[in-house]
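The structure is given below, and queries will be raised subsequently.
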Amino acid sequence: MPDVQKIHAVLKSLYPDALCSLEYEGDPWRLLIAARLSAQCTDERVNIVCVPLFRRYPDAAAMAEADVGEVETIIRPCGLFHTKAESCVAMSKIITREWGGRVPDTMEGLLSLPGVGRKIANLILGDCFGQPGIVADTHCIRLCGRFGFYDESLKDPAKVERILSDIVPREEQADWCHRMVLFGREYCTARSPRCAECPVREECAHPAR
């Protein structure tokens with residue numbers, strides 16, 4: 001088993017500002033919408049699309065009154081725009097009517113929103129409310145499997161979340177996941193990992209590929 005503390009110390013030195021790549025201006029609702037749009041879409045494209053989207057619908061109350069077709073038109077470049085638009089409007093209605101316009105700060109509350117699963121819920125809890133949570137996205141699942149925290153064949157986000165929740169310190173969990181994304185883009189890419197240059201190769205189960 002690799003040493004999670006050593007790996008995180010290296011990643012922390014590489015990426016001291018472990019910020020979410022989605023731009024949301026500290027607004028939990030905006031992060032919620034951006035995260036929903038990011039499914040099968042790059043964060044870069046989501047950030048571009050969210051500029052006109054949030055100009056037109058600046059908060060949950062505005063989105064709650066939106067015409068789904070108009071939302072679809074704006075978010076079309078993100079793909080899957082039918083289901084994404086429907087869930088964005090539906091979750092905004094629930095937040096406005098049942099939560100007083102505030103995004104829930106509990107896992108149970110977040111999971112009650114249309115289109116929100118544990119990955120998005122953990123992102124919101126960690127980045128907006130300072131709560132521990134593993135965002136088991138594709139970067140995190142792939143990298144932590146390569147490191148050797150579990151078998152690389154494991155692709156189940158729920159199982160990965162449980163494993164990592166037990167070994168990554170609670171106070172580091174949100175930042176850990178953001179650093180996984182940054183490290184996966186710079187060093188441990190999906191197709192051509194830069195193993196010879198990897199700063200954590202001594203702790204990795206596959207130091208040379």
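Anything in region 35-63 that is surrounded by 19 or more Cβ atoms within 10 Å (Cβ to Cβ) and among the small types (G, A, S)? List them, or say none.
A35, S38, A60 - these are the residues of region 35-63 that are surrounded by 19 or more Cβ atoms within 10 Å (Cβ to Cβ) and among the small types (G, A, S).
Return only the number of the condition from (1) farther than 30 Å from E65 by Cα; (2) surrounded by 14 or more Cβ atoms within 10 Å (Cβ to Cβ); (3) acidic (D, E) that D127 does not satisfy.
Every condition holds for D127 apart from (1).
Then there is this: Go through the residues of region 81-99 one by one and say whether even a single one is of a type outside the set (A, V, I, L, M, F, W, C), surrounded by fewer than 16 Cβ atoms within 10 Å (Cβ to Cβ) and part of a loop (DSSP other than H, G, I, E, B). Working first, answer last.
Going residue by residue through region 81-99, those that are of a type outside the set (A, V, I, L, M, F, W, C) are 82-84, 86-87, 92-93, 96-98.
Checking which are surrounded by fewer than 16 Cβ atoms within 10 Å (Cβ to Cβ) leaves us with 82-83, 86, 97-98.
Now narrow it down to the ones that are part of a loop (DSSP other than H, G, I, E, B): none.
Looking through region 81-99, none of the residues is of a type outside the set (A, V, I, L, M, F, W, C), surrounded by fewer than 16 Cβ atoms within 10 Å (Cβ to Cβ) and part of a loop (DSSP other than H, G, I, E, B).
Still on this model: Just to verify a result, which residue in region 165-185, among those that are touching a residue at least 60 places away in the same chain (Cβ under 8 Å) and among the acidic types (D, E), is surrounded by the fewest Cβ atoms within 10 Å (Cβ to Cβ)?
Among those that are touching a residue at least 60 places away in the same chain (Cβ under 8 Å) and among the acidic types (D, E), it is E172.
Here is a list of conditions, (1) under 18 Å from the mean Cα position of the chain (by Cα); (2) farther than 17 Å from V10 by Cβ; (3) surrounded by fewer than 21 Cβ atoms within 10 Å (Cβ to Cβ), and V135 meets all of them except one; can you say which number that is?
(3)
For region 63-73, indicate whether the set of residues that are assigned to a loop (DSSP other than H, G, I, E, B), among the small types (G, A, S) and in contact with a Ser or Thr (Cβ under 6 Å, 6 or more places away or on another chain) is non-empty.
no
Since every read-out is calculated from the coordinates, none of them should be taken as a lab result. Because the structure is predicted, anything quoted here is derived from the model rather than measured. Cβ: placed from backbone, ideal geometry, glycine included. Neighbour counts: every protein chain shown.
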